[in-house]
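Have a look at the structure below, then the notes.
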Amino acid sequence: MSNKDLKIIKDAIRDIPDFPKPGIVFKDITTLLNNKEAFNLLMKHLKNRYKTYNLDFIAGIDARGFIFGAALAQMLGIGFVPIRKKGKLPYTTISEKYSLEYGFDEVEIHIDAFRGVKGARVLLIDDLIATGGTANAAVSLINKSDATCVEACFVLGLDFLNGKDTIQQKTSVYTVIEVD
C-alpha cells in the first residue's frame, strides 16, 4: 500500500478523547466506514494481501470484525464465520474464556462453523488489537474447532499495549496501521 493510500485511511479514523473514560483516546472507525474512498482502499488492500492465502473462511470478532470480515469474505468468494460474545449464537456452540481487567468473558462459535472442513484455513479479523484478550481467545477457539488460524488481521494495532505478543505465539499477526 502506498503512503498516500495509508494516509487516506489513517485520516479517515476519528479520535475521540476521554472515551469511554478519561485518559483514553478512542479510535472511531465509523468515519472510515462512511468514507467510500478510504474504505475501498482498505478493502482492496486486504483483498490483495489475502487472495493468495488459500483461505477457506474468514472469522470476524463481534461486532466490528463482522463489517470487515464479511466484506472481505465476499470479495474473496469464501465463507464468513461470526465469533460472538457468549449467549448470542442460536445453535450449539463451543467457547473460549479469557481474562479481563476485572474478571472473565467468553467468546463462542457454532460447532459447525467451518462446515466440517478439517484443517480449514481461517483468517481472523477485527478492527483493533489492544491488549489482545478477545483476539487471543478467538484464535484459540478457531484452532480448537479443528481449523487453523493462518493469521490475525487488524485495521489498527495499539502497539503500546503489547496485545500482539501473545497472539504471535499462536499465529501470524498483521496490522494495517500501527499506533504508538
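Only residues that are more than 14 Å from Leu128 (Cα to Cα) and touching a residue at least 12 places away in the same chain (Cβ under 8 Å) were counted in the stretch 43-66, giving 14.
Name the single residue that is farthest from Phe154 (Cα to Cα) among those in the stretch 1-50 being of a type in the set (Val, Ile, Thr) and not in a loop (DSSP other than H, G, I, E, B). Step by step, filter the stretch 1-50, then rank; the result is Ile16.
The single condition among (1) in contact with a strand residue (DSSP E or B) (Cβ under 6 Å, 6 or more places away or on another chain); (2) surrounded by 13 or more Cβ atoms within 10 Å (Cβ to Cβ); (3) closer than 25 Å to Asp5 by Cβ that Glu108 does not satisfy is (3).
Right, Lys97: without any contact (Cβ under 8 Å) to a residue 40 or more places away in the chain and either assigned to a helix (DSSP H, G or I) or basic (Lys, Arg) (or both) or not? Steps first, answer last, please.
Numbers: without any contact (Cβ under 8 Å) to a residue 40 or more places away in the chain: no; either assigned to a helix (DSSP H, G or I) or basic (Lys, Arg) (or both): yes.
Taking the combined requirement at face value, the residue does not satisfy it.
The set of residues from the stretch 1-29 being in contact (Cβ under 8 Å) with a residue 60 or more places away in the chain and farther than 16 Å from Asn40 by Cα comprises just one member, Lys27.
Kindly indicate whether any position in the stretch 146-160 is in a loop (DSSP other than H, G, I, E, B) and within 30 Å of Thr31 (Cβ to Cβ). No.
Considering only residues of the stretch 8-29 that are of a type in the set (Val, Ile, Thr) and touching a helix residue (DSSP H, G or I) at 6+ places or on another chain (Cβ under 6 Å), which is farthest from Ile129 (Cα to Cα)? It comes out as Ile8.
Evaluation of Met43 against the conditions (1) surrounded by 15 or more Cβ atoms within 10 Å (Cβ to Cβ); (2) touching a strand residue (DSSP E or B) at 6+ places or on another chain (Cβ under 8 Å) shows that the sole unmet condition is (2).
The C-beta contact set for the stretch 141-168 (first residue farther than 18 Å from Ile58 by Cβ and without any contact (Cβ under 8 Å) to a residue 24 or more places away in the chain, second residue among the hydrophobic types (A, V, I, L, M, F, W, C) and surrounded by 15 or more Cβ atoms within 10 Å (Cβ to Cβ), distance under 7 angstrom, 6+ apart or interchain) comprises Asp159/Val179.
Rule-based calculations on the coordinates, nothing more; no lab input. The shown structure was predicted, so the numbers you read here are calculated from the model rather than taken from an experiment. Using ideal geometry, Cβ is built from the backbone for each residue, glycine included, and neighbour counts are taken over all protein chains shown.
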